[in-house]
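Shown next, in structure tokens, is the structure this report addresses.
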Amino acid sequence: MTDQKNIRNIAIIAHVDHGKTTLVDEMLKQGGIYRENQAVVDRVMDSGDLERERGITILAKNTAVHYKGTKINIVDTPGHADFGGEVERILKMVNGVLLLVDAAEGPMPQTRFVLQKALELGHKVIVVVNKIDRLDARVEEVMDEVLELLLDLNATDEQFESPTLFCSARQGIASYSPNETGVNLDPLFDTIVNYIPAPEGDPTAPMQMLVSSIDYNDYVGRIAVGRVERGKIHANQEVMVCDYHEKHAPYKAKVVNLYQIDGLKRVPAENATVGDIVCLSGITDISIGDTITAVDTPEALSFVKIDEPTIEMTFAVNDSPF
Ligand code: GDP
């Protein structure tokens, strides 16, 4: 069980092709999760073909890397505008974001929405100017564009003065200044550990966890993914489930398997503490937005509403002169 103070939960906001997958791959390689005989799985975060086709990343997949005793959970965010509260739900699991920007292309309008949500939640931002190795990189201008964007989105003074790193994800290097060539990603890891706060919450309070997304697996069925907001959770624990849709009263259930994320994989865990992002199986009817709690304290957490897909049409009398 990783101690709360040694956990960092972050999301990466990036326009497609700005290098998010390459950066996460490189963090995994350097973060030391790969066993000697384990092949490095390339290009992990965007494996969905449909996403590729549309040029956006939809699925929220989680990754965790370890750096000097700290576990960094990386939550993938959709790089586009909202699909019914999804962005907020995912951003609520983290305490900070990396704003990853291509050093030649600069920030793109498609990432505004997600960035704005992160800023509104008061999250800390680390600006990562990527692909500084590109011959057409225009680092100074791109930094100005990022500042303009932050200003435009009403960033707080602190968010406006976010630390900036200069990076070539492809070469696996980062530095604190554009005039300095990095040797590895340590400056990025150190900034994450030092600048992004550890998750809050009382580890001794009765357990409470919000289901932020659902995964499915043929063997174990529905898997609830979310952050422990309070207390501790363990495998085989009896819990209460507060139904977000309030179709029925809180009901008793049992967590069968508890998993944590290690690298790209879900690994079984005995227990997890407040702040950690966990996956659990065994609750057949679990849905996004439900709260899983200790048996004696069925207290639901507030949740960002899931919108039904809607289409709006306006009908009017034809008042054209023709
Ligand atoms: P994603 O869509 O944000 O996940 O972007 P990818 O990681 O798939 O990267 C998109 C393209 O940019 C790929 O061809 C990468 O090899 C390339 N790329 C990523 N990082 C760098 C970098 O630091 N420098 C250069 N020159 N290319 C990069």
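The values are calculated or read from the model by the stated rules, or taken from the named source; none is laboratory data. Because the structure is predicted, anything quoted here is derived from the model rather than measured. With ligands, DNA and RNA removed, areas are computed over all heavy atoms of the protein, side chains included. Shrake-Rupley method; radii C 1.70, N 1.55, O 1.52, S 1.80 Å.
What is the stretch 118-255 by shape, rounded, prolate or oblate, if you read a ≥ b ≥ c off the alpha carbon gyration tensor as root eigenvalues and call it rounded for a/c under 1.5, prolate for a/b larger than b/c, and oblate otherwise? Because a/c hits 1.5 or more and a/b exceeds b/c, the stretch 118-255 counts as prolate. Computed over every Cα-Cα pair of the stretch 118-165 and binned at 5 Å starting from 0, the pair-distance distribution P(r) comes out as 5, 21, 30, 22, 12, 7, 3, 0 percent. Summing -39500 (n - 2.57) over the DSSP H runs of n ≥ 4 in the chain and dividing by its residue number, what mean residue ellipticity at 222 nm do you reach, to the nearest 500 deg cm²/dmol? About -5000 deg cm²/dmol.
Accessible area per residue for the chain, computed on protein heavy atoms with a 1.4 Å probe, is 49 Å². Measuring max minus min along each principal axis, the C-alpha atoms of the stretch 217-263 give extents of 36, 29, 18 Å (largest first). Our summary gives the stretch 193-302 a relative contact order of 34 percent, counting only alpha carbon pairs under 8 angstrom and 6 or more residues apart. Need one number: % antiparallel among DSSP beta bridges in the chain, to the nearest 5. Counting only bridges with both partners in the chain, antiparallel ones make up about 65 percent.
Based on C-alpha pairs under 8 angstrom that are at least 6 apart in sequence, the stretch 98-235 has a relative contact order of 18 percent.
Can you tell me the alpha carbon radius of gyration of the stretch 175-322 divided by the globular rule-of-thumb value 2.2 N^0.38 Å?
On the way: Rg = 21.7 Å, N = 148, 2.2 N^0.38 = 14.7 Å.
Its radius of gyration relative to the 2.2 N^0.38 Å reference: 1.48.
Binning the alpha carbon pair distances of the chain at 10 angstrom intervals from zero yields the distribution 6, 26, 33, 22, 10, 3, 1, 0, expressed in whole percent.
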